[in-house]
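A short write-up of the structure that comes next.
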Amino acid sequence: SAQGSLDANGSIAVDGLSLEAPRTSLAGSIRRKGGASPWEGSLRGRCEDLARWRPVLGMPIAGSLRWDATALDGQVDGSASLRKGGFGSGGDAWSIDAADLALDHAALVGAPKGTLNLSLEGLRTGSFVPASASLAVVGDGERWNVQASATSGNHGPLQLDLAGSLRPGERPEVVLERMQGSAHGVAIALAQRAALRGDPRHPEPWSVDPVE
């Protein structure tokens, strides 16, 4: 159930949104002012058995999912967690024991601001099993600063840590500050900071350059 409104300026409001289905619930409210304004509101819900939604989604899916998010002034606060998840079938299938996402004033539009933290445990796909990974992203108003790590114990352990930054915009730039780890006992290290830069005005729109 829900109550909605739409005015001549294109503003949309949906209040009292409520959905109840077997082992599934969704509640909240959403709104958007006219023009290019971002969506605002809050949504929280759970699905204890994603497999029930296979006919709707048209793909094999499994696991339990919970989420709680609030959007205001183009920023999102919230969290989501997935347990015993599975997607796809056959050689394209992958599964995961646990995935957790947390957002703190993360900007949807405009300058990079806020934080995002993602952790994955027990990821299995093809021959790459099992694996765990973590990702931390912090916006400083100009760039998204990224730190990530991953480990895998399949056919010899893989350990990898990296740090860098992403500057969005008309001329985007990705800088890899650090990368180190090992694979099958062989050390991996970034010899020099490097940048991937984009310039749509140049005949070669992307370039890879060392950073002093």
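Read-outs throughout are calculated quantities, based only on the coordinates presented, and are distinct from any laboratory measurement. Keep in mind the model is a prediction, meaning the values are calculated, not measured. Neighbour counts run over all protein chains shown; Cβ positions are idealised from the backbone, glycine included.
Couple of notes before you dig in:
- Here's how it looks for residue 177: its modeled amide H is under 5 Å from those of 163, 164, 165, which are all 5 or more places away or on a different chain.
- One chain, two ends: residue 33 and residue 178. Fully extended at 0.36 nm per residue, the span grows by 48.0 nm beyond their Cα-Cα distance.
- Modelled label positions at residue 148 and residue 66, each set 7 Å beyond Cα in the direction of Cβ, lie 2.8 nm from each other.
- In order along the stretch 165-182, the phi-based Karplus estimate (6.51 cos²θ - 1.76 cosθ + 1.60, θ = phi - 60°) of 3J(HN,Hα) comes to 8, 10, 10, x, x, 5, 10, x, 9, 10, 10, 9, 7, 8, 8, 8, x, 7 Hz; Gly and Pro are listed as x.
- Full extension of the segment from residue 25 to residue 3, taken as 0.36 nm per residue of separation minus the current Cα-Cα distance, would add 6.2 nm.
- Cβ-derived FRET efficiency at R0 45 Å, residue 167 paired with residue 49, nearest 0.05: 0.60
- Here the spin labels are modelled as points 7 Å beyond Cα on the Cα-Cβ line, and at residue 13 and residue 159 they lie 5.6 nm apart.
- Using the average count of surrounding beta-carbon atoms within 10 Å as a protection proxy, the listed peptides 16-27, 138-149 rank, highest first, as 138-149, 16-27.
- Cut-off 13 Å between beta-carbons: net charge of the residues surrounding residue 98, Lys and Arg +1, Asp and Glu -1: +1
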